[in-house]
Amino acid sequence: MGFERDFEQMRKKIDKMFRDFFHGHSSKFQSPFHYGFSVRVDKDGIPRIKEFGTMKPTVEGRDPSEREPVYDVLEGEDEIYITVELPGTIPEKISLRASERVLTIEAQGFRRYWKVLELPEPVDASSLSWTFNNGVLDIILTKRATRVKAG
């Protein structure tokens with residue numbers, strides 16, 4: 001039931017966005033703006049919806065011209081792989097900070113990007129490694145070892 005509720009909330013947000021735009025409330029929108037969502041089934045078989053774009057409410061204290069980058073998170077057996085699109089950015093202008101459960105991405109180029117990403121599993125923050133090529137940032141974090149009790 002939760003999955004259907006999530007889709008209904010997403011549909012209502014999109015309907016409101018279009019209603020506001022077409023009824024002259026375009027001052028609410030950054031120019032240009034983008035909004036989207038992706039659906040992925042997690043390892044437990046539960047569909048997860050991820051929103052992205054400039055239409056989401058800004059975080060207090062953040063520059064409203066900053067954009068949330070488009071990203072994807074994939075889980076391997078021992079690692080988490082994150083791919084982030086940062087067009088117009090150079091490696092020297094990328095800042096990454098990792099903790100056990102959160103990755104913060106900041107970048108500056110033709111535009112500014114900012115994202116605080118909750119990780120699907122605890123990681124070893126010191127394992128953070130990344131490469132950047134043609135506007136695409138690839139990040140690898142090693143999952144924190146979990147203790148298995150002997151039966």
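We did not get these values from a lab; they are worked out from the coordinates using the rules stated. Small disclaimer: the values here were computed from a predicted structure and weren't measured. With ideal geometry, Cβ positions are generated from the backbone for all residues, glycine too; neighbour counts draw on all protein chains shown.
Taking a 32 Å limit on the Cα-Cα distance, which of the listed pairs Lys12/Lys143; Lys16/Lys93; Lys115/Lys143 fall beyond it?
Going by Cα-Cα distance, Lys12/Lys143; Lys16/Lys93 fall outside the 32 Å limit.
Within 12 Å, Cβ to Cβ, of Ile14, how many net charges do the neighbouring residues add up to if Lys/Arg are +1 and Asp/Glu are -1?
Summing Lys/Arg as +1 and Asp/Glu as -1 gives +1.
How would you classify region 66-151 from its alpha-carbon gyration tensor, with a ≥ b ≥ c the square roots of the eigenvalues: rounded for a/c under 1.5, else prolate if a/b is greater than b/c, otherwise oblate?
prolate
Can you sort Ile139, Ile94, Ile46 so the residue with the fewest Cβ neighbours within 10 Å comes first?
Ile46, Ile94, Ile139
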